[in-house]
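The structure appears below as structure tokens.
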Amino acid sequence: MCKRFDGKVALVTGAASGIGRAAAVQFAAEGANLVICDFNQSGLSETQHLVEEQGVRCLSMIVDVRSQEQVEDCVNGALEKFGVIDILVNNAGTGQFVPFAMMENDEYDRVMDINVRGTFFFSRAVLPSMMDRDYGKIINITSIMGEVAGQGQSIYNTSKGAAKMMTQGIAVDCSGYHINVNAVAPGMVLTGLTQNMLGDEDQLPYFLEKIPQRRIGEPQDIAHAILFLASDSASYIHGETLHVDGGMICTRM
């Protein structure tokens, strides 16, 4: 396998499972050292084991992305251990399946804080060191649901739409630096957040009918896109959102 990331350091949030774990393991397989964080200790430990099996170094930290202090401690710890952070993947996120009229303030805050504030905190924390080195890659995980509305997902839609626009805003503000800022927008992907919905054999045909490729995405599908945007092959891609959804957005616009 071509090791595109030999000597690089990638920081992946929400790495205890799903897309975050898949991305971390693929980065490791291609030579990157990893900084992984999540609030799920057992899942994070398993990811660390899978990463270290690839023969690279790994720093694992428990982090609540809603906490500025914990985010900055994570970034500082990464810089102390490795000296640099070449790649940031803002993957940590949460879902929401409550009709708008029934949304409680606490639920609104939870979704917006994890999906938007966490991206803000981590991106702001890594940028000074990237700007000093005139190099970096930031990939934010948004969703096609940040562009098309889903029933009972109004605040999730809002948070992912905000993350998409934050991606563009950071990209513009990084003008003049060799720092690429992009987003990956998954469609229907089988993860812990979607297991109840996509794991139901009675509901599965309903979702497959909406996807031109007629299959549910796997975390590895998203990880492949993340690694492409983190690679030097994507050096002229900036401020973009890459849809990885089997064509689903084509049927929703």
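Remarks
- Residues satisfying the criterion are absent from the range 125-132 (criterion: within 20 Å of Pro219 (Cβ to Cβ), touching a strand residue (DSSP E or B) at 6+ places or on another chain (Cβ under 6 Å) and not β-branched (Val, Ile, Thr)).
- Residues that are of a type in the set (Phe, Trp, Tyr) and either under 24 Å from Asp109 (Cα atoms) or modelled with pLDDT under 95 (or both) within the range 152-196 comprise just one, Tyr156.
Here is a yes/no grid of residues against (1) over 23 Å from Val84 (Cβ atoms); (2) in contact (Cβ under 8 Å) with a residue 12 or more places away in the chain; (3) surrounded by fewer than 18 Cβ atoms within 10 Å (Cβ to Cβ):
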position	(1), (2), (3)
Val126	no, yes, no
Tyr135	no, yes, yes
Ala171	no, yes, no
Val189	yes, yes, no
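- From the list Ile211, Ile249, Ile237, the one residue that fits, being part of a helix (DSSP H, G or I) and touching a residue at least 24 places away in the same chain (Cβ under 8 Å), is Ile249.
- In the range 2-26, the qualifying residues are those that are part of a loop (DSSP other than H, G, I, E, B) and under 14 Å from the mean Cα position of the chain (by Cα), and the one that is surrounded by the most Cβ atoms within 10 Å (Cβ to Cβ) is Ala15.
- From the list Thr47, Thr94, the one residue that fits, being under 17 Å from the mean Cα position of the chain (by Cα) and closer than 27 Å to Gln153 by Cα, is Thr94.
- So Gly217, is it buried (at least 20 other Cβ atoms within 10 Å of the Cβ), of a type outside the set (A, V, I, L, M, F, W, C) and free of Cβ contacts under 8 Å to residues at least 40 places away in the same chain: yes
- Criterion: more than 24 Å from Cys74 (Cα to Cα) and touching a Gly at 6+ places or on another chain (Cβ under 6 Å) - qualifying residue of Ile144, Ile179, Ile155: Ile144
- Inside the range 144-161, residues that are among the hydrophobic types (A, V, I, L, M, F, W, C) and surrounded by fewer than 19 Cβ atoms within 10 Å (Cβ to Cβ) make up a count of 2.
The values are calculated or read from the model by the stated rules, or taken from the named source; none is laboratory data. Because the structure is a prediction, the values reported are computed rather than measured. Quick reminder, even Gly has a Cβ in these numbers, built from the backbone with ideal geometry, and neighbours come from all protein chains shown.
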